[in-house]
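Accompanying notes for the structure given below.
What follows draws every value from the coordinates through simple rules; no lab data is involved. Just so you know, these numbers come straight off a predicted model, no measurement behind them. Note: ideal-geometry Cβ built from the backbone for every residue, glycine included; neighbour counts use all protein chains shown.
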Amino acid sequence: MNPSELSNPNTNLKLHFVLIGVAVINIVYGVWFISVPLLAWVLARWVIMGVAALKDSAAARAIGDWNGRYFAYDDRQVRIYWDDRSTWVVADDVFRAIDRLPDEKTRQRIAVRLGAASFCTPESIGKACFSRQGVRDYLAGLDGEGPMKLGRWFEREVFSNLDRLQAR
C-alpha cells in the first residue's frame, strides 16, 4: 500500500476492519445506534470499490488487446506484436485497412502462396498473422493504390519505428 491509500478513509481496508470490530463490539453490548451507521458506511465503501474494480476489469478486457500494440493507418487500428525475434501483424487488421475480407478458401490460398513462416497463427497471439516479410509479400502481390500505400506506411511508420525500438 502506498501512503495515499492509507490516508484515504474510503479505500483504507485496515480502517474498515477496525470500524467493523467497533461495530461488532457495540452490537455485543446492545448499542445499535452506533453499529448500524458504521457498518453501513463500510458496506457502502466496499460496494463502491467493487463496482470500480468491475469497471476497471471491463475496461481492461475491452481495450487490453489494443493497449500499446497498435499503430493507426488512415484512422484504422492495426495490431502489431513483436519480440526480439519476430514481428507479427494481425491479418484481419491488414484486410480491413485495404477493404478486403477474404473468406476461408482465400485465406488458405494466401497461406499456401506466402508459406507457413509468413502467414500463420502464432500460439502466443491466437489470431491469423502476417510476419514482417509476409505482409510485404502479400501487399506487393495486390494491385491498386491502397495496398501500395499500406505497404509504404508499414515500411515508414511501423517497421522503422520497431527497428529503432529494438536497437535501443
Query raised in the report: Do we have ASP93 as of a type in the set (Asp, Glu) and within 22 Å of the chain's Cα centre (by Cα) here?
Result: yes
Query raised in the report: Inside region 24-99, counting only strands (runs of 3 or more DSSP E) that do not spill past its ends, which hold 1 or more residues that are basic (Lys, Arg)?
Result: 76-82
Query raised in the report: Considering only region 121-161, how many residues are closer than 13 Å to ILE80 by Cα, touching a helix residue (DSSP H, G or I) at 6+ places or on another chain (Cβ under 9 Å), free of Cβ contacts under 8 Å to residues at least 60 places away in the same chain and hydrophobic (A, V, I, L, M, F, W, C)?
Result: 4
Requested in this report: Please enumerate the residues belonging to region 113-122 that are surrounded by fewer than 17 Cβ atoms within 10 Å (Cβ to Cβ) and not in a loop (DSSP other than H, G, I, E, B).
Outcome: ARG113
Query raised in the report: Given the structure, is LEU101 at negative phi and buried (at least 17 other Cβ atoms within 10 Å of the Cβ)?
Result: no
Report summary line: Subset of region 123-168, residues assigned to a loop (DSSP other than H, G, I, E, B) and surrounded by 15 or more Cβ atoms within 10 Å (Cβ to Cβ), comes to ILE125, ALA128
